[in-house]
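One structure is given below, encoded as structure tokens.
The values are calculated or read from the model by the stated rules, or taken from the named source; none is laboratory data. Everything quoted here is computed from the prediction, not taken from an experiment. Every residue, glycine among them, receives a Cβ derived from its backbone with ideal geometry; neighbour counts consider all protein chains shown.
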Amino acid sequence: MKKLTSVAFFLVLAISLSGQDISGQWNGVLKVGAMQLRIVFNVTKTDAGYSSTLDSPDQGAYGIPVATTTFENKVLKFEAPNLGIQYEGTLDKSNEISGNFRQSGQSFPLILSRQEHEKETVLRPQEPVKPYPYVVEDIVFENKKDTIQLAGTLTLPKQTGSFPAVVLISGSGPQNRDEELMGHKPFLVWADYLTRNGIAVLRFDDRGTAASKGNFKTAITPDFASDVEAAVKYLKTRKEIDKKKIGLIGHSEGGIIAPMVAAGSKDISFIVLLAGTGVPGNEILLLQQELIGRANGASEAELLKSKLMNKGAFDIIINTVDNSKRKADLSTYLNQVYEQDTTLEIPQGMTKDELISKQVSQLTSPWMVYFITHDPAPVLQKVKCAVLAVNGDKDLQVPAQVNLDAIKKALEKGGNKKVTTRVFPGLNHLFQECKTGSPSEYAGIEQTISPVVLEEVTQWIVKQTK
């Protein structure tokens, strides 16, 4: 669910030179909402002109091959048609290139210069500082079902005895054990707070991410659930853990995974759903696109057009079983949409066929097909342990009331009477105090998690594990 606006930097450069030698390193800072990303073009002169690589230090990406650039009359142009990316800037007397970076219809000012940029220091006052008043142990456990080694961190209170424990379950996209995103480390903050309050915490890198093995790209939600089951089995081998008091805390997609695990296991005594979903994935995406689009200034006409287009695509995905046919039907549908509405924007440097091919590929990935077609309600009906489900009322990714109502309804339909739901005013999808709830705000907010949420969730767990 964390499908946030991002800028891809996999540009390809082929340079034709006119006049000035532009070889060497060119540095810039791309500002996307409150987020700042450093980029570096490394240009080398060759017999044929120039070759280049691209670095994105803040994303940990270095030496990305680049290919097509023109430099004529002091105007530098980069184009990456397959990514819908274009940059055009003018070299001035101070040896700076001022221009605009465009991707998929969005434009961002970007100045390139020879001066290196230091990483922006962002205050994150809630991140704990060593030495910690608890035990921290890096561990490895195995998902024997899929033969995958998963790496994580177990934090334990310093006292002797056996403690209640939780497994933290991350949201969508490849996440490390801290669920690190937009300059925040939510799971580090959760683990610190819970462990200080006497609760052991296991958090781990998603499969195929950071130190964990496996393939993230081919995995779907039930695969991630099997990883969580393996984490629970590992906790049961530890003498420091009270095996009758093991719970799950899932954020976003983790709020889909936690009920899956709890429904099929007697080892789970409670679950906490942080912005978990209660309605089918196709409905979530339509609501999400509408709310974020409106927050970003889209008109009601644009929102309606987008909703109808996406609903048509989702209906094809839901009603088609064979993936080859699904791809063919989506391609035909999207071609008709673009032919009938000539106002729909096609990114510069990209043909309509290339854009449709990219959209079809994204919509028919294994994870996306599962998410769009999955209804959480039948799984929730099978959950018998205590459940706490919470949301922020400014969550634009998983709207609070519609999902909490659906979660409660499904749990109660299954006979679960141990259900608590809560909407926190003024909080976004990450449970930060915010202004609008737009994902563009996440990085610029110093707070990682509202103290009110940390306290109320922790006290609820303490009550369940007495």
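Tabulated data for the structure shown
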| quantity | calculated |
| --- | --- |
| Count of segment 437-451 residues which are in a helix (DSSP H, G or I), under 15 Å from the mean Cα position of the chain (by Cα) and of a type outside the set (F, W, Y) | 4 |
| Unique match (being of a type outside the set (D, E, K, R), in contact with a Phe, Trp or Tyr (Cβ under 8 Å, 6 or more places away or on another chain), modelled with pLDDT of 95 or more and part of a helix (DSSP H, G or I)) among I372, I356, I407 | I372 |
| Entirely in segment 124-192, the strands (runs of 3 or more DSSP E) that have 2 or more residues that are aromatic (F, W, Y) and out of contact with any Cys (no Cβ under 6 Å at 6 or more places or on another chain) | 134-143 |
| Filter result (modelled with pLDDT of 95 or more and in contact with a Phe, Trp or Tyr (Cβ under 9 Å, 6 or more places away or on another chain)) within segment 141-163 | F141, E142, Q149, L150, A151, G152, T153, L154, T155, L156, P157 |
| From the options K394, K382, residue that is in contact with a Cys (Cβ under 8 Å, 6 or more places away or on another chain), part of a loop (DSSP other than H, G, I, E, B) and either buried (at least 21 other Cβ atoms within 10 Å of the Cβ) or assigned by TED's automatic domain parsing to the domain that holds G183 (or both) | K394 |
| Pairs where the first residue, in segment 287-304, is within 16 Å of E345 (Cβ to Cβ) and the second is hydrophobic (A, V, I, L, M, F, W, C), C-beta under 6 Å, 6+ apart | G293/L303 |
| Residue check for P425: touching a residue at least 12 places away in the same chain (Cβ under 8 Å) and assigned by TED's automatic domain parsing to the domain that holds T218 | yes |
| Residue in segment 309-325 that is touching an Asp or Glu at 6+ places or on another chain (Cβ under 6 Å), at pLDDT 95 or above, assigned to a helix (DSSP H, G or I) and not assigned by TED's automatic domain parsing to the domain that holds V419 present | yes |
